[in-house]
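I have placed the structure first, in the form of C-alpha cells, so that the comments after it can refer back to it.
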4 protein chains.
Amino acid sequence: MSDANVARVVDRLRQQVADLHRELVRYALVVWTAGNVSARVPGEDLLVIKPSGVSYDELSAESMVVTDLDGTLVEGDHQPSSDTEAHAYVYRHMPEVGGVVHTHSTYATAWSARGEAIPCHLTMTADEFGGEIPLGPFARIGDDSIGRGIVETLRSSHSRAVLMQNHGPFTIGADAKEAVKTAVMLEDVARTMHVARQLGPTVPISDDDVTALHDRYQNVYGQRADDERR
Amino acid sequence: MSDANVARVVDRLRQQVADLHRELVRYALVVWTAGNVSARVPGEDLLVIKPSGVSYDELSAESMVVTDLDGTLVEGDHQPSSDTEAHAYVYRHMPEVGGVVHTHSTYATAWSARGEAIPCHLTMTADEFGGEIPLGPFARIGDDSIGRGIVETLRSSHSRAVLMQNHGPFTIGADAKEAVKTAVMLEDVARTMHVARQLGPTVPISDDDVTALHDRYQNVYGQRADDERR
Amino acid sequence: MSDANVARVVDRLRQQVADLHRELVRYALVVWTAGNVSARVPGEDLLVIKPSGVSYDELSAESMVVTDLDGTLVEGDHQPSSDTEAHAYVYRHMPEVGGVVHTHSTYATAWSARGEAIPCHLTMTADEFGGEIPLGPFARIGDDSIGRGIVETLRSSHSRAVLMQNHGPFTIGADAKEAVKTAVMLEDVARTMHVARQLGPTVPISDDDVTALHDRYQNVYGQRADDERR
Amino acid sequence: MSDANVARVVDRLRQQVADLHRELVRYALVVWTAGNVSARVPGEDLLVIKPSGVSYDELSAESMVVTDLDGTLVEGDHQPSSDTEAHAYVYRHMPEVGGVVHTHSTYATAWSARGEAIPCHLTMTADEFGGEIPLGPFARIGDDSIGRGIVETLRSSHSRAVLMQNHGPFTIGADAKEAVKTAVMLEDVARTMHVARQLGPTVPISDDDVTALHDRYQNVYGQRADDERR
C-alpha cells in the first residue's frame, strides 16, 4: 500500500478499535481499564491497540496507538496497553488473525482459575467454538510466554478463544469485530455452563452433532459474503 | 384482506417486531444477535421476523423480513433469521399462536443444558405457566426437528414456554408481545428457581393451588379486554 | 381535611408513587409489570396504587389509581393492581404504615421459595431490619390470606419486610419512599447472604450487637428530622 | 497553604469526590445511599466526604461536606456520612493515604460474612493487591473500633483493601480516585474468585509469581508519572 493508503486504513482501524471497546463495556466484560482490543493493519507489520491507562469513556480514534509487530510504539501520544506484547506475538505467528481481544470477564476467568476447559454442551458453543474452549498455560507477563501459550493452544483447537490459566481469556478473529464477538459469545457460554453446572451435571452433545452444528454454522454463514455471521 | 390491508398490517407488525427486540435487550435475554422475535400476519400464510446478522441497535421496521410459512423469503433486503424454519413450523401447526420468541437466556438455557424442566414452586410460575416449564428434545438445526420438538412439547402442557435441550427456550403467545412477555417471565422464574435451589430444596405448591392460581390469573385478566395481563 | 386539601395530597402522592416505581426498575427488583408501590392518603380511608397491566415506562401521576381501604376503585382510568387487597389489608390493620411495596425480587423470593428466613449476619441487616427477615405463610390470592399473613408476621418482628412463602416479599414504611428503600435494602441483603452462604457458613452476630446496631441506626438517624435515614 | 489556596483545593476535591460516587453506582458497588468516598485535603487536617442521607443522583460539589480529622463538621449543609469516623481514623494514622472508600459491595461483603480472606489465585489479584485480600475484625460503629481494625489489618498487608467482618470492604489509595479504583477491582476479583470456587478448588499462584507480578505492575506503572495505572 502507498503511505497515504496505509494512513487511511490506520485511521479507519483507530476508529473501529475505539468503538469496539464500547462493546466490551456494554456486555460487562471489563471493569475500569482492564481489557483491550487490537486490529492488525492488513499487509503491514503494524497493529492498532488501546493505550494504557485511559478509561473507556475517554477512548477516541485519536487516543489509540499504533505499534509494530514487536509491540514497539510507532504512533500515538500514550503508551500502548501492557498486553501489547501478547497481541503482537499472535499477529506474528498467526497470519490469518486480524483482531485480538483480551478481557478478564468474570465467568471465563473463573473457569481459568480452576484450570478447566469449558465443555461443549450447548448448541451455541458448538456453533461458535466447534468443541470445548481450551485452557492455556499459566504464563507471567513480561516476555513471550503469554503469546506463545495463546498460539500453541489455539493451533490445536477449533476454538477462537483460549482461557489463560489464573489470568483470563484471549480471543481472535479475522478482524477486530469478530474477535470482540467471540469474546462476547465466550462469556455468554462460560456463564450459562457455569450456571448449569451449579445444580448438577450437564448433558453432553455427541461429537457428530458438534461437528455438524459447527460446519453448518461456519459454512452457511460463510457463504453470505454480504452479511455478518448470525 | 385486500392487498392494501395486508400491506398496512405487515407495516404495523414490522414496527412492532422491531420494537419488541428492544425488550429482549432490556431484560438481557440476548447477546450480540442471538435471539429473535416473529409475528404471524393474521389470516395470511406470512410471518414477520428479524433478519439474520443485524445487530439490535440497527433493527428498524424496514430491516425486518417477511417470509411465508415455509420460511421462504417474500419481502426484505436481508436473509431471515436462521431460526425462521422453527418459527414457521410453529405457526403451521399451532393456529392459535400469533407470536414466537427464541433466546438463549442464561438461566432458562442452563436448565435445558442439564435436561431438567423447571418445577412450579413459585406463585409466579403457577400464574404464568400453570405448572412446570417442560423440557423439549435435543434437535439439530436444518430440518423440522426443532419445530416439531417445540410443538409436541407445548401441546401436552399448560406452559407457553419450552426449554429445548442443550439449546435454549422458545416461547409462544397470542401475539408477539405476549410471546416476549412469556420469554421475560420465563427467565425470571428460571433465575429465581435456580437461585433458590442453590442453597437447598424448594417448597412445592400443591396441584390444587397451582390450578387455582393459574385459572384465576388467566380468567380474571382475560375478562379485561381493554387491559393487558397483570 | 377539606376536599380541596385531600385532592392536593392525592395529586402529590400520585406523582410520588409513580416516581417510586422507577426505583424498583433501577434496582432490578421487578420485570415486566410484576411489582407495585402504594401510599396511604394520610387521615383518609384511601390509598394510591399502581394500575394493573401498565408498563413501568408508561406510568405517570395520571395513570395511578385511588381505592378505598377495601381495595374498591375510587378514582382512575385503570383497574388497580391485582395485589391491592393485600396492600389495603395492611393499611387497615397497621395504622402506623404509610407505604407498602410488593415485588418478586430474585434473591428475596428465592429464600421464600425454600421457606427460609434470612439470618441477621450482616451489619446492614442489623441496621435496617433489627434481626432476621421473617418468613410469612403460603397464601392464595383472592381473599384476606395474603394481607393477614403479612400483618401477623410483621407484628412479631422488628423487620419491615416479610418473605411470603413461594411468592415474594412485601415491605412497609412510614411512607412509600421508606417502603421502597426497605425493598431495595432487602434484596441487597438477601443477595449478599445468598452469595455468602454458597461457599460455606456465615459468622453470626451476637444478639447484643444486633440490638446495639439497630438502636443506634434507628435513633441516631431518627433524631435528624430534616434528614433522610443514612 | 494560604486560606485562598485551601479553599481552591477543597472546591476541587468537592467536585472530584462528588464525581467519584458515580463510579460506585456505575459498577453497582452501592445501593440507595450505602457507600461513601472521601479525600484528604493535602497538608491540612481536613477531609471531604459524602453527606449523610443524600441520594447519589443529588450529589453535587456543593452538597459534599468538610470535616476535621476527628470527623467534626467544618463546612457543609448536611451531616457527614455516618462512616466519617472510620475515614478520619485512617487519615490520622496512615499519612500516605489520600482517599478512602467504603461500600457493601455484594461479593466482597459475602467473603467478609463468612470471615474469609480472598486468596490470591488470579493474576489481577497479584497485580493489584500483591497477595490475599485480608479480613479485618468485627467492630461496632460508634467509636474507634472500625478505624483501628482497618489500619491494623492494612499495615500488615500489601493490599489496599480490607474486608471488615460481617460488614463490608474499605479501600485506600494515594488519592480518592485510586481508592475508588481499588474498590472496583476488589469487587471484580471477589466476584470472579467466588464464581470460580463455586464449582471446585482454584489453582494457586506461587509466592514467587505473585511477588513478580505485583512488583512489575506497581513499578512499571509507577514509572509513568504522566499516566494512570493500567
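Points worth noting:
- Test set (1) within 14 Å of chain D (Cβ to nearest Cβ); (2) open to solvent by less than 20 Å² (accessible area, probe 1.4 Å); (3) not hydroxyl-bearing (Ser, Thr, Tyr) - A:LEU186 fails condition number: (1)
- Residues satisfying the stated conditions in segment D:101-152, i.e. within 14 Å of chain C (Cβ to nearest Cβ) and acidic (Asp, Glu): D:GLU116, D:ASP143
- Filter pass, B:LYS181 being at negative phi and either among the hydrophobic types (A, V, I, L, M, F, W, C) or open to solvent by 60 Å² or more (accessible area, probe 1.4 Å) (or both): no
- Residue list for segment B:55-87, filter: more than 24 Å from B:MET164 (Cα to Cα) and among the hydrophobic types (A, V, I, L, M, F, W, C): B:LEU59, B:ALA61, B:MET64, B:VAL65, B:VAL66, B:LEU73, B:VAL74
- Answer from B:LEU24, B:LEU47, B:LEU29 - the residue that is within 14 Å of chain A (Cβ to nearest Cβ), open to solvent by less than 60 Å² (accessible area, probe 1.4 Å) and in contact with a His (Cβ under 9 Å, 6 or more places away or on another chain): B:LEU29
- Residue that is within 14 Å of chain B (Cβ to nearest Cβ), open to solvent by 30 Å² or more (accessible area, probe 1.4 Å) and either in contact (Cβ under 8 Å) with a residue 40 or more places away in the chain or in a loop (DSSP other than H, G, I, E, B) (or both), where the choices are C:GLU62, C:GLU85: C:GLU85
- Residue check for D:SER145: hydroxyl-bearing (Ser, Thr, Tyr), surrounded by fewer than 23 Cβ atoms within 10 Å (Cβ to Cβ) and free of Cβ contacts under 8 Å to residues at least 12 places away in the same chain: yes
- Counting the residues of segment D:196-218 that are within 24 Å of the chain's Cα centre (by Cα), facing chain A (nearest Cβ under 9 Å) and surrounded by 22 or more Cβ atoms within 10 Å (Cβ to Cβ) gives 1.
- The set of residues in segment D:157-188 that are closer than 30 Å to C:VAL210 by Cβ and over 9 Å from the mean Cα position of the chain (by Cα) comprises D:SER157, D:SER159, D:LEU163, D:MET164, D:GLN165, D:ASN166, D:HIS167, D:GLY168, D:LEU186, D:GLU187.
- Subset of segment B:101-123 (residues that are among the hydrophobic types (A, V, I, L, M, F, W, C) and either within 20 Å of A:ASP188 (Cβ to Cβ) or surrounded by 24 or more Cβ atoms within 10 Å (Cβ to Cβ) (or both)): B:VAL101, B:ALA108, B:ALA110, B:TRP111, B:ALA113, B:ILE118, B:CYS120, B:LEU122
- Across segment D:162-178, the qualifying residues are those that are away from chain A (no Cβ under 14 Å) and among the small types (Gly, Ala, Ser), and the one among them that is surrounded by the most Cβ atoms within 10 Å (Cβ to Cβ) is D:ALA176.
- Among the residues of this structure, B:THR67 does not count as one that is surrounded by fewer than 18 Cβ atoms within 10 Å (Cβ to Cβ), at pLDDT 95 or above and not aromatic (Phe, Trp, Tyr).
- Looking at C:ASP11, C:ASP3, just one residue is at pLDDT 95 or above and open to solvent by 60 Å² or more (accessible area, probe 1.4 Å), and that residue is C:ASP11.
- Residue match in segment D:72-80 (condition: facing chain C (nearest Cβ under 10 Å) and within 17 Å of the chain's Cα centre (by Cα)): no
- In segment D:32-44, the residues that are open to solvent by less than 20 Å² (accessible area, probe 1.4 Å) and at pLDDT below 95: D:THR33, D:ALA34
- Cβ-Cβ contacts under 6 Å between residues 6 or more apart (or on different chains), taken from a first residue in segment A:107-136 that is in contact (Cβ under 8 Å) with a residue 60 or more places away in the chain to a second residue that is among the aromatic types (Phe, Trp, Tyr), are listed as A:ILE118/A:TRP111; A:ASP127/A:TYR217.
- Exactly one residue out of A:GLY149, A:GLY173, A:GLY131 is modelled with pLDDT of 95 or more and at positive phi: that is A:GLY131.
The values are calculated or read from the model by the stated rules, or taken from the named source; none is laboratory data. None of these values were measured; they are calculated from a predicted model. Every residue, glycine as well, gets a Cβ built from its backbone with ideal geometry; the counts of neighbours run over all protein chains shown. Heads up: the accessible areas ignore ligands, DNA and RNA and are worked out on the full protein's heavy atoms, side chains in. Shrake-Rupley method; radii C 1.70, N 1.55, O 1.52, S 1.80 Å.
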